[in-house]
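The values are calculated or read from the model by the stated rules, or taken from the named source; none is laboratory data. The model shown is predicted, which means the values in this text are computed figures rather than measured ones. Because the Cβ atoms are built from the backbone with ideal geometry, glycine has one as well, and the counts that use them run over all protein chains shown.
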Amino acid sequence: MTKILDTLAAWALGLLWILPLAYAAWAAFHPPAYATRFDLAAPLTLANFAHAWEAAPFPRYFLNTFLLVTMVLAAQLVLSTLAGYAFARMTFRGRDTLFMLVLLQLMIMPDVLLVENYRSMSWLGLRDTVLAIGLPYFASAFGIFLLRQTFKTVPRELEEAARMEGANALQILWKVYVPLAKPVYLAYGLVSVSHHWNNFLWPLIITNSVESRPLTVGLQVFSSTDQGVDWSVITAATLLSAAPLLIAFLLFQRQFVQSFMRAGIR
Amino acid sequence: MNAAVDTTKPEQRTVLPQAGRARFSSMHALHAWLMLLPAVILLAAFTHYPALSTIWHSFFSTPKGRRPAAFVGWENYALLRDDAVFWQSLWNNLWFALGTIPTSIGVALAMALWINGAMAGRAFLRMAYFTPTVLPMVAVANIWLFFYTPQYGLLAQGLEWVGLPGVNWLGSRETALPAMMVVTIWKESGFFMIFYLAALQTMSPSLREAAMLEGASRWDYFRRVLFPLLMPTTLFVLINALINAFRLVDHIVVMTKGGPDNASMLLLYYIYQVGFAYWDTAYAATLTVVLLAILGCSALIKFRWLDRRTHYQ
């Protein structure tokens with residue numbers, strides 16, 4: 001009996017949770033006349049997507065977002081690997097203090113330091129570039145922490161063996177540590193990409209042209225300018241901008257959830 | 001440079017003669033610093049420096065035209081004290097945190113327990129619960145904006161269907177902030193569910209069997225065994241939720257712009273407005289100092305708790 005109630009409640013919540021997305025899909029795939037009228041006989045159409053695609057420079061936004069997430073991820077992986085290794089396996093004066101200072105970024109993120117980072121970017125002459133959106137996130141305390149924890153679990157014997165064969169520090173890192181941390185890299189990569197794909201406030205502030213705007217900002221500019229209340233086109237644009245992540249998620253659901261889980265247990 | 005020697009473990013140093021040991025350990029430290037340098041420089045440039053310069057700039061006036069910034073002492077803070085909008089945004093933010101965090105955590109825990117059990121349609125449920133997490137908040141806000149639209153919106157239609165009068169959810173002072181809370185709960189619960197799922201999967205099934213043998217009811221088992229065991233996860237989620245409550249204002253930008261009449265004004269959105277709509281950077285810095293203080297406090301709590309759990313060595 002409780003089992004049935006449990007199942008019912010779980011499903012009710014599940015349907016409630018999927019409702020917004022289901023509605024967005026309804027409005028996007030049907031003619032505007034049916035945006036608020038639910039009629040199973042309503043004709044299906046792709047016109048809303050075509051309209052949205054033409055109404056705003058979405059290809060450029062896609063390119064910018066793609067550049068952004070790739071650049072941020074590449075920088076984060078390299079920097080976090082080097083720093084994570086140094087914190088995990090090297091001894092030097094002030095290591096623990098420095099590590100605490102790094103961890104501070106977990107709480108005080110660049111996301112809230114808008115005014116000062118804007119000032120810095122202006123000073124560097126980087127305002128309104130894709131680089132400026134990503135730069136504050138290149139060094140990631142979360143990545144450093146995650147890799148440090150992972151590297152600490154690698155048996156020292158493996159490192160010794162590699163050193164016997166004459167490998168230097170960087171070679172040991174690359175040949176021994178990095179391959180063993182592959183699942184962690186995957187997990188971190190997924191978390192990072194989805195985070196920066198979705199980031200909004202900082203890109204909104206630091207960009208003001210089509211050439212540098214990522215999708216999220218482009219979408220906002222698109223839906224807040226005079227599109228009337230054409231919900232069909234706005235939902236189509238909304239789905240478009242979320243589509244790559246959403247499709248990737250639906251295809252690799254299990255890996256996605258597991259990756260988030262792995263990144264979550266720190 | 002012989003790198004093979006540099007990375008020798010500290011224990012092995014003891015066999016080196018005194019002079020060699022000193023030279024060796026300074027080389028070792030040099031390598032460590034070289035590996036840390038890029039990350040440390042960027043962290044300092046975009047986290048530590050701006051945090052400190054925010055405090056510095058809060059004691060100056062905003063430069064206007066040819067007039068440079070001048071030291072004004074506590075003047076900005078006096079302004080802050082008398083600024084009704086600031087106090088409202090602070091209160092709103094506290095209410096927002098209070099309204100979203102316990103509910104999200106409760107929903108997340110329920111979701112995790114359901115998915116962890118053998119439930120019909122688990123795959124679908126997991127997908128449904130987790131999907132909001134991968135969607136951009138801006139996209140989500142656009143969809144919810146339509147839900148809340150008077151007359152045409154889904155909620156309005158639903159109410160009309162039941163025969164109730166429509167409510168202007170985003171346009172009235174009473175409902176704007178709660179409407180934002182609902183969006184946040186919907187967006188974040190699935191994310192927090194993941195942490196609970198991870199914790200639940202490390203638990204042995206014999207725990208439950210033992211409890212059942214002792215004649216414990218489901219509720220007893222949850223309250224006396226499961227919930228205490230999940231406490232570290234709950235704390236972790238709590239801190240994350242707290243930070244997010246002060247950090248995430250994307251939906252405010254899209255849906256209400258802090259209105260009506262500042263009813264949904266959150267602290268970070270107010271900073272954004274003061275800094276980038278009114279361009280009063282000094283006052284925005286002063287507001288940011290308050291936000292940093294709040295986040296700093298949660299940082300302290302987190303460190304104390306993390307210190308107990310994972311031993312830094």
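At a glance:
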read-out	value
Some residue of the range A:149-160 being within 17 Å of B:L43 (Cβ to Cβ) and part of a helix (DSSP H, G or I)	no
Matching residues, the range B:75-119, being surrounded by fewer than 20 Cβ atoms within 10 Å (Cβ to Cβ), assigned by TED's automatic domain parsing to the domain that holds B:L177 and among the hydroxyl-bearing types (S, T, Y)	B:T103
A:S212 being within 8 Å of chain B (Cβ to nearest Cβ) and of a type in the set (S, T, N, Q)	no
Identity of the residue in the range B:60-74, surrounded by 16 or more Cβ atoms within 10 Å (Cβ to Cβ) and more than 14 Å from chain A (Cβ to nearest Cβ), that ends up nearest to A:P110 (Cα to Cα)	B:S61
Selection status of B:T133, in the same structural domain as B:A176 (by TED's automatic domain parsing), buried (at least 16 other Cβ atoms within 10 Å of the Cβ), within 27 Å of A:L245 (Cα to Cα) and modelled with pLDDT under 90	yes
B:L291, sole failed condition from (1) under 20 Å from the mean Cα position of the chain (by Cα); (2) within 30 Å of B:E174 (Cβ to Cβ); (3) more than 10 Å from chain A (Cβ to nearest Cβ)	(3)
Residues of the range B:28-43 that turn out to be without any contact (Cβ under 8 Å) to a residue 12 or more places away in the chain and either surrounded by fewer than 16 Cβ atoms within 10 Å (Cβ to Cβ) or not small (G, A, S) (or both), as a count	11
Single unsatisfied condition, B:F195 versus (1) surrounded by 20 or more Cβ atoms within 10 Å (Cβ to Cβ); (2) of a type outside the set (S, T, Y); (3) over 23 Å from B:T133 (Cβ atoms)	(3)
Matching entry among A:D96, A:D111 (being in contact with a Lys or Arg (Cβ under 7 Å, 6 or more places away or on another chain), surrounded by fewer than 23 Cβ atoms within 10 Å (Cβ to Cβ) and at the interface with chain B (Cβ under 7 Å from one of its Cβ atoms))	A:D111
Checklist (1) over 30 Å from A:T238 (Cβ atoms); (2) at the interface with chain B (Cβ under 9 Å from one of its Cβ atoms); (3) at pLDDT below 90 applied to A:M1, failing item	(2)
Out of A:L67, A:L40, A:L63, sole residue that is of a type in the set (A, V, I, L, M, F, W, C), away from every other protein chain (no Cβ under 14 Å) and farther than 30 Å from A:P136 by Cβ	A:L40
Helices (runs of 4 or more DSSP H) contained entirely in the range B:199-258, each with at least 1 residues that are under 20 Å from B:M137 (Cβ atoms) and touching a helix residue (DSSP H, G or I) at 6+ places or on another chain (Cβ under 8 Å)	B:231-247, B:250-255
